[in-house]
Amino acid sequence: MATIFPNNLYRLRQAGSLCKAFGIKLTPSASVVQIAASAGFDALFIDLEHSTLSTNDASQLCTTGLLAGITPFVRVPYQCGDGFVQRVLDGGAMGVVFPHVSTREEAESAVSISKYPPAGKRSMTGQLPQFSYAAQPHAVVIPESNNAGSTVFVMIETQEALQNLDAIASVPGVDVLLVGSNDLSIELGIPAQFDSPVYKEALEKVSQACKKHGKIMGLAGVYDNPTIQGWAVHELAVRFILGGQDASFIAKGAKGCVDTLGRL
């Protein structure tokens, strides 16, 4: 019997289903995790790249997510260093999102710090949140963490990454190629133009690389656009999608409320 908390991304992928992620960049509260779980989200996307959240905030959110049955993933800042990544994993993340990965070497580095030897160079510690802080032998922690508790997301956000897709996708231990739609569209000269043939062609290339190398394709940055989202899920086989972030959910709800009240 597995002793690590289950990883919803792998469970849903095996079932051919979509893993729906709730982004957190504003609210370091257990309440927001409960809201996400009650709404039906499968994963948390805790954003340390574009927020002022701390590693302690991330750890508290991760631990709450584990207990609530919603798998926590953490996006780290670009070039944050191996020590920062290790603290995020030791704090309860079931996977790490690495932004702006453009080369095979960067993908290999992401895997290396995320995995215990022999797959990587992550340092060992005891009493991890992913194991409910229970002491476990190395023979349990290493394989279960490497196989289910350290998902490696590499974000495809640059033209260089598009040119190196095959090399990036072929790296053992990389699990997800996650399209960062906003930065990628800016790089392509079509900011936020997600209906553009240029953007769609880029996503098709990512999809082909994922299918060739058995990776999961993910999509972030496209919200309130069911046409593009549906195309990505059904035609490109996207299996991880960031549905939105707490700040945008609050802003959208607040604006809708004011608009309604203004019409009274």
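Here, each number is a calculation from the coordinates, and none is a lab measurement. Just so we're clear, the structure is a prediction, and the values are computed from it rather than from any experiment. Glycine also receives a Cβ, built like all others from the backbone with ideal geometry; neighbour counts cover every protein chain displayed.
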What translational D, rounded to a whole number of µm²/s, comes out for region 94-194 from Stokes-Einstein when the hydrodynamic radius is the Kirkwood one over Cα pairs, at 25 °C and 0.890 mPa s?
168 µm²/s
Arrange the following residues from fewest to most other Cβ atoms within 10 Å of their Cβ: Cys19, Cys210, Cys257, Cys80.
Cys257, Cys80, Cys210, Cys19
Place +1 on the Cβ of every Lys and Arg and -1 on the Cβ of every Asp and Glu in region 8-262, take the dipole about the Cα centre, and give the residue among Ile250, Ala30, Ser181 whose Cα lies farthest towards its positive end.
Ala30
Based solely on its DSSP helices, what 222 nm [θ] is calculated for the chain when runs of n ≥ 4 H residues each add -39,500 (n - 2.57) and the sum is averaged over all residues, nearest 500 deg cm²/dmol?
-14000 deg cm²/dmol
Return Glu235, Glu144, Glu157 ranked ascending by Cβ neighbour count within 10 Å, so the fewest neighbours appear first.
Glu235, Glu144, Glu157
Final fewest-first order of Met124, Met217 on the 10 Å Cβ neighbour count is Met124, Met217
Rounded, prolate or oblate (a/c below 1.5 giving rounded, otherwise prolate when a/b exceeds b/c) for region 194-264 by Cα gyration tensor
prolate
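In Å, the Kirkwood hydrodynamic radius of region 33-154 over pairs of distinct alpha carbons?
Details: mean 1/r = 0.0692 Å⁻¹.
Averaging 1/r across every pair of different Cα atoms and inverting gives 14.5 Å.
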Would you compute, for the Cα atoms of region 111-164, the largest minus smallest coordinate along each principal axis and list the three values in descending order, in whole Å?
45, 21, 15
Over region 137-197, volume per residue of the alpha carbon convex hull, in Å³
92 Å³
Running Debye on the chain with equal point scatterers at the Cα sites and no solvent, what base-10 log of I(q)/I(0) appears at q = 0.10, 0.11, 0.13 Å⁻¹?
-0.47, -0.57, -0.80
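If you put +1 on each Lys and Arg Cβ and -1 on each Asp and Glu Cβ, how big is the dipole of the chain around its Cα centre, in Debye rounded to 20?
That gives the chain a dipole magnitude of about 560 debye.
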